[in-house]
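The values are calculated or read from the model by the stated rules, or taken from the named source; none is laboratory data. The structure presented is a predicted model; accordingly, all values stated were derived computationally and were not measured. Counting neighbours? That spans all protein chains shown, and the Cβs are built from the backbone with ideal geometry, glycine included.
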Amino acid sequence: MANPSAPGFDGLRLRHWRPELRADGSLVLRFDRADAPVNAFSQEALVELAQALERIALEPPKALVVASGKASGFIAGADLKEFQEFDRKGTVNDAIRRGQDVFQTLATLRIPTVAAIHGFCMGGGTEIALACRYRVASNDAATRIGLPEVQLGIFPGWGGSARLPQLVGAPAAMDMMLTGRALSAKAARGIGLVDQVVAPDQLIDAAAALALRGIQRPFKQRALAWASNVGIARRLLAPQMAKQVARKAKKDHYPAPYALISTWQRSGGGSIRARLDAERRAVVKLAGSSTARNLIRIYFLTERMKALGKGDSGISRVHVVGAGVMGGDIAAFAAYKGFDVTLQDREQRFIDGAMQRAQALFEKRVKDESKRPAVAARLKSDLNGDGVTNADLVIEAIIENPEAKRALYQSVEPRLKSDALLTTNTSSIPLDELRPHIARPAQFAGLHYFNPVAQMPLVEIIRHDGMTPETERRLAAFCKALGKFPVPVAGTPGFLVNRVLFPYMLEAATAYAEGIPGPAIDKVAVKFGMPMGPIELLDTVGLDVAASVGKELAPFLGLEVPAALATVEAGKRGKKDGQGIYRWENGKAVKPELPSGYTTPEDLEDRLILPLLNEAVACLHDGVVSDADLLDAGVIFGTGFAPFRGGPIQHIRATGADVLLARLEALRAKYGQRFAPRAGWQAAALREPVA
């Protein structure tokens, strides 16, 4: 109901908006979506906003402040579940037009308007702020302002792309929209997106005061905004922007950034109505693409994985055994994320190397130099393993040798606290091989990170029959605190990610051994949408690590490891040695040129990708994960599998299971039994309709 202190709203039933008239004559209109912990624009909320703005136009206050009624933040954007429903019904155009019309009504009010931003302000939240005349933001660290729609396969469609370039200039605006990067309040103030930054407790007062007195933006900002949007500037800047985007994303795979650039180039200098119409037409077209549908699906998968980590993990002190690349980086990242960490190895020199790498991570990630010493102090060298007795979580990250791991557990477990968790970072060893002699199997699990630890977003939580649900929940909550996505998987060889990835990498190694050049193999995989080619990936993870995983997985999968991968020369393990299949300089692979006139075999893509899909089907059939959605999420975030394709199972659905089965049979006839279809290809999950 309307607040009785806000005249003019009598009889107007508002579920999602709260009007409050201030003594200074300004009206604060708070968005407080009913029955939801977070503000996200539904069509109902937009209709109500339109009604409220109509009343405001009839009986205008001295100024209007748009604010949030939620402590959690300003506005997260549009309701994506509702957006998916509009896509299914074919009514996206109507939904986008309504948002544009409501925000345009706000923009044309004859009174000063200001957005009071605290906490997250994303997508539609930023777009309603742009429709206001001014913007004030709190200086709280949680305040982040962004337009991340490109990450969902679209671009801002409620006026964001039409207004932002005119406000802050095209270079800053397009960078913000093309990357989806969120800005702090200070950074937003720096580009002119925000007019004032204040303390949270001063936000509403400051916003009202600014609206009532007004402000003249700096001449430099106004001049840049005008000059960067004129026709000649758009013609010059647009190709440069497209060239920069092309370095990271192919147009066929991710059309949204290219459509944004093209729309701005063609109509960025027109009237607001022309810009809005061009924006709407382009976004409606993108919304119907498979890329947008898959990326929005992936967004919901990430939300599902985050929800696995509900509650408190009960973990504050972490002890890591093994200071190699994985163990050292696991320890450093946990310290960076706020945990007290002790790092143990059999020799101090290994710990010292890990501590040096940790310092490099802290220097890169902790921008405020004054805070680095406190972060670094959370990571302590612990040659004797004294941290075991106080640890809430112990992570073993030693060599991939079952006997060595079991011996370590026998020495560590008796020293653990009663509620401490013991975990292994093994990449492929079944947990049933590691459980013997463990006294408390209920508190033992796998916690499998991926390299590089600071960048890869996935952690597999490896189950076994004796593990309790509470152990899984605590580990999921720990992963969430690290900013990682947890995926619970069965403790069979290779778990999910390595089991799916290994046949793909093994086939690449086989093709290489046959004489197909590494760069040709990599090029085919990247063209499919993988983040890097499998030969480069083998070098990156280390040929020694690949050989170790192969030794464990090949017999289980019935595959053979090529001699070149089974025997690794000392000093030629890949990227970490500067030499592997490729030579490495400054962290980058130096790939030889393809022979003149070389033609890549036509079936190479199928040879690489179908083994991965085949094993994904087998994993789903074997219950390695609970369902197809989690399988797709795990493979995307654990391997980088082409996100725009939606994951292996979604790709099978889109292409057709029977079509892919026929291709597998053709490969089996030509290359042998390793391409035989695995069990599970007749599952209903592979034949569900693609939205």
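Below, the figures for the structure above:
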{"read-out": "Unique match (being in a helix (DSSP H, G or I) and either touching a Ser or Thr at 6+ places or on another chain (Cβ under 8 Å) or on the phi < 0 side of the Ramachandran plot (or both)) among Ser411, Ser418", "value": "Ser411"}
{"read-out": "Flag if Tyr254 is among the aromatic types (Phe, Trp, Tyr), more than 30 Å from Glu470 (Cα to Cα) and in a loop (DSSP other than H, G, I, E, B)", "value": "yes"}
{"read-out": "Residues of segment 675-691 satisfying the condition of being in a helix (DSSP H, G or I) and of a type in the set (Gly, Ala, Ser)", "value": "Ala684, Ala685"}
{"read-out": "Pick from segment 129-151, criterion under 25 Å from the mean Cα position of the chain (by Cα) and in a strand (DSSP E or B), ranking: surrounded by the most Cβ atoms within 10 Å (Cβ to Cβ)", "value": "Ile145"}
{"read-out": "Options Val617, Val635: the member that is in the same structural domain as Gly558 (by TED's automatic domain parsing) and closer than 30 Å to Ala454 by Cα", "value": "Val617"}
{"read-out": "Candidates Ala225, Ala238, Ala182, filtered to the one that is more than 26 Å from the chain's Cα centre (by Cα), buried (at least 18 other Cβ atoms within 10 Å of the Cβ) and under 28 Å from Ala76 (Cβ atoms)", "value": "Ala225"}
{"read-out": "Among residues of segment 456-494, those that are among the aromatic types (Phe, Trp, Tyr) and under 15 Å from Ala334 (Cβ atoms), counted", "value": "1"}
{"read-out": "Residue among Arg97, Arg110 that alone is in a helix (DSSP H, G or I) and either out of contact with any strand residue (DSSP E or B) (no Cβ under 9 Å at 6 or more places or on another chain) or not assigned by TED's automatic domain parsing to the domain that holds Leu80 (or both)", "value": "Arg97"}
{"read-out": "Total residues in segment 451-481, condition under 15 Å from the mean Cα position of the chain (by Cα) and either crowded, with 22+ Cβ neighbours inside 10 Å or outside the structural domain of Gly314 (by TED's automatic domain parsing) (or both)", "value": "4"}
{"read-out": "Tabulated pairs, segment 315-335, first modelled with pLDDT under 95, second of a type in the set (Ser, Thr, Tyr), C-beta under 9 angstrom, 6+ apart or interchain", "value": "Met326/Ser427; Met326/Tyr449"}
{"read-out": "Test: residue in segment 229-248 that is part of a helix (DSSP H, G or I), aliphatic (A, V, I, L, M) and under 23 Å from Arg133 (Cβ atoms)", "value": "no"}
{"read-out": "Those helices (runs of 4 or more DSSP H) lying entirely in segment 157-202 with at least 3 residues modelled with pLDDT under 95", "value": "none"}
{"read-out": "Which listed residue, of Asp35, Asp79, is touching a helix residue (DSSP H, G or I) at 6+ places or on another chain (Cβ under 9 Å) and acidic (Asp, Glu)", "value": "Asp79"}
{"read-out": "Segment 278-291, residues that are among the small types (Gly, Ala, Ser), under 26 Å from Asp632 (Cα atoms) and surrounded by fewer than 21 Cβ atoms within 10 Å (Cβ to Cβ)", "value": "Gly288, Ser289, Ser290"}
{"read-out": "Matching residues, segment 652-662, being crowded, with 18+ Cβ neighbours inside 10 Å and either touching an Asp or Glu at 6+ places or on another chain (Cβ under 8 Å) or over 16 Å from Leu612 (Cβ atoms) (or both)", "value": "Arg653"}
{"read-out": "Index of the failed condition, Gly322 passing every other in (1) on the phi < 0 side of the Ramachandran plot; (2) surrounded by 15 or more Cβ atoms within 10 Å (Cβ to Cβ)", "value": "(1)"}
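Yes/no per residue for (1) more than 23 Å from the chain's Cα centre (by Cα); (2) hydrophobic (A, V, I, L, M, F, W, C); (3) buried (at least 21 other Cβ atoms within 10 Å of the Cβ); (4) not assigned by TED's automatic domain parsing to the domain that holds Ala233:
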position: Leu260; (1), (2), (3), (4): no, yes, yes, no
position: Leu276; (1), (2), (3), (4): yes, yes, yes, no
position: Arg293; (1), (2), (3), (4): no, no, yes, yes
position: Ile298; (1), (2), (3), (4): no, yes, yes, yes
position: Thr302; (1), (2), (3), (4): no, no, no, yes
position: Ser316; (1), (2), (3), (4): yes, no, no, yes
